[in-house]
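Q: Handing you a structure now.
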Amino acid sequence: MLLQKINYTWRVFATGLGFSIFGLGGLIFLVTVFPFVRNTKTARKLIRLAFKFFIELISYMGIISYELHNGEKLNRNGLLILANHPSLIDTVLLMAFVKDADCIVKSSLQQNMFTRGPVRAAGYICNNNEVDLIDDCLKSLQTGSNLTIFPEGTRTTLNAPLSFKRGAANIALRAHKNITPVVIRCIPKVYLSKGEKWWKVPPTKARFTIDVKDDIDIQAFTSARQLTLYLQDYFMNDTQGLQQLETEVKDIIITTLQLEDITVHDIDTHAALFGDGLGLDSIDALELGVALQKRYGISLLANSEETRAHFASVHALASMIDNFRKP
Amino acid sequence: MNKDQIYTMTVDLLHEMFELDKSKITPQSNLYTELDIDSIDAVDIVVRLNQMTGKRIQPEVFRAVRTVQDVVDVLDNLLAENAT
């Protein structure tokens, strides 16, 4: 218990420290390096390396961990990379791995004294005019930059369906460019997400998975609306589908029951929770039931045959929650 | 072309460009809040209307447009200029 508390306090402190380092690092770069960088590619490389250093640092500090899957798919030019946006960190995570990355920044970042140096040196696209924005993006792809877009336009709203703007789909269709989807998952879901205060860190360390998927062929799509709907579904299935739920349930099991030395990867989705499998007992089941009720708003009847069946495995629990959530 | 014809043409255009259901479109339909037209779509509409009429709709004029009827009025004015 005490250890947990110390860890929690440390992560609050380290998150604050992380922000400070990021700001300070930006400032140092601003006055020492960026006045001398004239070449966009050099500036982008510097930013990528600085971001890489930053995420290694905060991983080392124990406030996040991350896994990159199929990263080799990013070693190409002129990609149109679309990613979902669960947390503030994922911009940094993604930009640390995409070479010659171009992205769209708020026009305020072009004015902000801390960010304007790097933003201008890297030639990032500014979104002050929506009409020119599309043309700027098309030009960027033509020059071979890897254009990285978060089609949600902002961070994901917690517990709501994904909502994509149609700009990214418009760019893909106009440039005849296939889409490279990157699915970002964050467990627990609440680290530096929209509307959350930064010091409200989750009970356990935030774990990120960056999954580079196979390119989506856009040839069959005729309109931006159609493509946007497809993309929304694609990302929804991957981030809020059964697979995501199963990982969440495992995480809830670990945190509620304070299973030390076990990670989500150690729990077999189909293994029995009680007895031979994970070895939980009836008190564990009660605690878990309360936690699941709180998290998903499901109601479970104690001692019913049905409830017992739901608690058979992680898969059974996740399927039950999934059914409950469906309209 | 009278206003009714312009209206029918506008509805046909919206249907063709954005796969909108014609029965859901009324003169009072708001392009942005009801028909889910975004800024890129709006630019596309202006480009198409310019091509169709052979005239140039000023961006400021189209920025004031909210409903389907507004589009019809803009087109009507534009074609009236032509006549004089």
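Q: For the structure I just gave you, tell me whether A:D268 is modelled with pLDDT of 80 or more, in a helix (DSSP H, G or I) and surrounded by 11 or more Cβ atoms within 10 Å (Cβ to Cβ). Talk me through it step by step, then tell me what you get.
A: Values: modelled with pLDDT of 80 or more: yes; in a helix (DSSP H, G or I): no; surrounded by 11 or more Cβ atoms within 10 Å (Cβ to Cβ): yes.
No: the conditions fail for A:D268.
Q: If you take the residues in the stretch A:243-258 that are out of contact with any helix residue (DSSP H, G or I) (no Cβ under 6 Å at 6 or more places or on another chain) and in contact (Cβ under 8 Å) with a residue 40 or more places away in the chain, which one is farthest from the other protein chains (Cβ to nearest Cβ)?
A: Ranking the qualifying residues of the stretch A:243-258, first place goes to A:Q258.
Q: Could you run through the stretch A:170-193 and say how many residues are within 14 Å of another protein chain (Cβ to nearest Cβ) and not hydrophobic (A, V, I, L, M, F, W, C)?
A: Final tally of qualifying residues: 2.
Q: Report yes if some residue within the stretch B:6-28 is crowded, with 16+ Cβ neighbours inside 10 Å, farther than 23 Å from A:A168 by Cα and touching a Phe, Trp or Tyr at 6+ places or on another chain (Cβ under 7 Å); otherwise report no.
A: Within the stretch B:6-28 (the criterion being crowded, with 16+ Cβ neighbours inside 10 Å, farther than 23 Å from A:A168 by Cα and touching a Phe, Trp or Tyr at 6+ places or on another chain (Cβ under 7 Å)), the answer is no, since none of the residues qualifies.
Q: Looking only at the stretch A:194-222, count every residue that is within 14 Å of chain B (Cβ to nearest Cβ) and at pLDDT 90 or above and tell me the total.
A: 1
Q: Still on this structure, I have one more. Identify, please: which residue in the stretch B:44-61 is more than 14 Å from B:L13 (Cβ to Cβ) and part of a helix (DSSP H, G or I) and is, among those, nearest to the other protein chains (Cβ to nearest Cβ)?
A: Among those residues, the one meeting the criterion is B:P59.
Q: Another question about this same structure. State whether one or more residues within the stretch A:227-242 are within 14 Å of chain B (Cβ to nearest Cβ) and within 18 Å of the chain's Cα centre (by Cα).
A: Yes: one or more hits.
Q: Now for a separate question. With the structure loaded, tell me whether A:T32 is under 22 Å from A:I125 (Cβ atoms) and of a type in the set (S, T, N, Q) or whether it fails that test.
A: no
Q: Moving on. Please find, among A:L88, A:L93, A:L68, A:L79, the residue that is at pLDDT below 90, of a type outside the set (D, E, K, R) and within 28 Å of A:L162 (Cα to Cα).
A: None of the other options fit; the residue is A:L88.
Q: Test each condition in (1) surrounded by 15 or more Cβ atoms within 10 Å (Cβ to Cβ); (2) charged (D, E, K, R); (3) more than 21 Å from B:L20 (Cα to Cα) for B:K55 and report the one that comes out false.
A: If we test B:K55 against (1) surrounded by 15 or more Cβ atoms within 10 Å (Cβ to Cβ); (2) charged (D, E, K, R); (3) more than 21 Å from B:L20 (Cα to Cα), just (1) comes out false.
Q: Of the residues in the stretch A:243-265, how many are more than 22 Å from the chain's Cα centre (by Cα) and not β-branched (V, I, T)?
A: Going through the stretch A:243-265, the residues more than 22 Å from the chain's Cα centre (by Cα) turn out to be A:256-262.
From what is left, the residues that are not β-branched (V, I, T) are A:257-261.
Of the residues in that region, 5 qualify.
Q: Let me ask you something else. Taking A:G167 as the residue in question, decide whether it is over 22 Å from B:F18 (Cα atoms), out of contact with any Ser or Thr (no Cβ under 6 Å at 6 or more places or on another chain) and either within 14 Å of chain B (Cβ to nearest Cβ) or surrounded by fewer than 20 Cβ atoms within 10 Å (Cβ to Cβ) (or both).
A: Working: over 22 Å from B:F18 (Cα atoms): no; out of contact with any Ser or Thr (no Cβ under 6 Å at 6 or more places or on another chain): yes; either within 14 Å of chain B (Cβ to nearest Cβ) or surrounded by fewer than 20 Cβ atoms within 10 Å (Cβ to Cβ) (or both): yes.
Criteria not met by A:G167.
Q: Something else now. How about the stretch A:49-72: which of its residues are crowded, with 16+ Cβ neighbours inside 10 Å and farther than 24 Å from A:T9 by Cα?
A: A:A50, A:F51, A:L68 - these are the residues of the stretch A:49-72 that are crowded, with 16+ Cβ neighbours inside 10 Å and farther than 24 Å from A:T9 by Cα.
Q: Also, quick follow-up: Please return the ranges of helices (runs of 4 or more DSSP H) entirely within the stretch A:278-327 where 2 or more residues are modelled with pLDDT of 85 or more. Show your work before the answer.
A: Numbers: elements: A:282-296, A:305-310, A:314-325.
Here the list reads A:282-296, A:314-325.
Q: What's the number of the only condition in (1) at pLDDT 90 or above; (2) more than 24 Å from the chain's Cα centre (by Cα); (3) of a type in the set (A, V, I, L, M, F, W, C) that A:F51 fails to meet?
A: It is condition (2) that A:F51 fails.
Q: Within the stretch A:80-96, track down each residue that is touching a Lys or Arg at 6+ places or on another chain (Cβ under 8 Å), surrounded by 18 or more Cβ atoms within 10 Å (Cβ to Cβ) and hydrophobic (A, V, I, L, M, F, W, C). Walk me through how you get there before you give the answer.
A: Here is the first cut: in the stretch A:80-96, the residues touching a Lys or Arg at 6+ places or on another chain (Cβ under 8 Å) are A:80, A:85-88, A:95-96.
Filter again for surrounded by 18 or more Cβ atoms within 10 Å (Cβ to Cβ), leaving A:80, A:85-87, A:95-96.
If the condition is that a residue be touching a Lys or Arg at 6+ places or on another chain (Cβ under 8 Å), surrounded by 18 or more Cβ atoms within 10 Å (Cβ to Cβ) and hydrophobic (A, V, I, L, M, F, W, C), then A:L80, A:M95, A:A96 are the ones that fit.
Q: Just to be sure I understand, how many residues within the stretch A:107-143 are touching a strand residue (DSSP E or B) at 6+ places or on another chain (Cβ under 8 Å) and within 12 Å of chain B (Cβ to nearest Cβ)?
A: Summing the residues that are touching a strand residue (DSSP E or B) at 6+ places or on another chain (Cβ under 8 Å) and within 12 Å of chain B (Cβ to nearest Cβ) in the stretch A:107-143 gives 3.
Q: A follow-up question, please. For residues that are crowded, with 18+ Cβ neighbours inside 10 Å and either among the aliphatic types (A, V, I, L, M) or more than 16 Å from A:R225 (Cβ to Cβ) (or both), scanning just the stretch B:30-41, find the one that is nearest to the other protein chains (Cβ to nearest Cβ).
A: Filtering the stretch B:30-41 for residues that are crowded, with 18+ Cβ neighbours inside 10 Å and either among the aliphatic types (A, V, I, L, M) or more than 16 Å from A:R225 (Cβ to Cβ) (or both), the one nearest to the other protein chains (Cβ to nearest Cβ) comes out as B:I40.
Q: Check the stretch A:171-187 and report whether any residue there is surrounded by 20 or more Cβ atoms within 10 Å (Cβ to Cβ) and in a loop (DSSP other than H, G, I, E, B).
A: no
The values are calculated or read from the model by the stated rules, or taken from the named source; none is laboratory data. It should be emphasised that the depicted structure is a prediction, and the values quoted were computed from it without experimental measurement. Cβ coordinates were reconstructed from backbone atoms using ideal geometry, including for glycine residues, and neighbour counts include every protein chain displayed.
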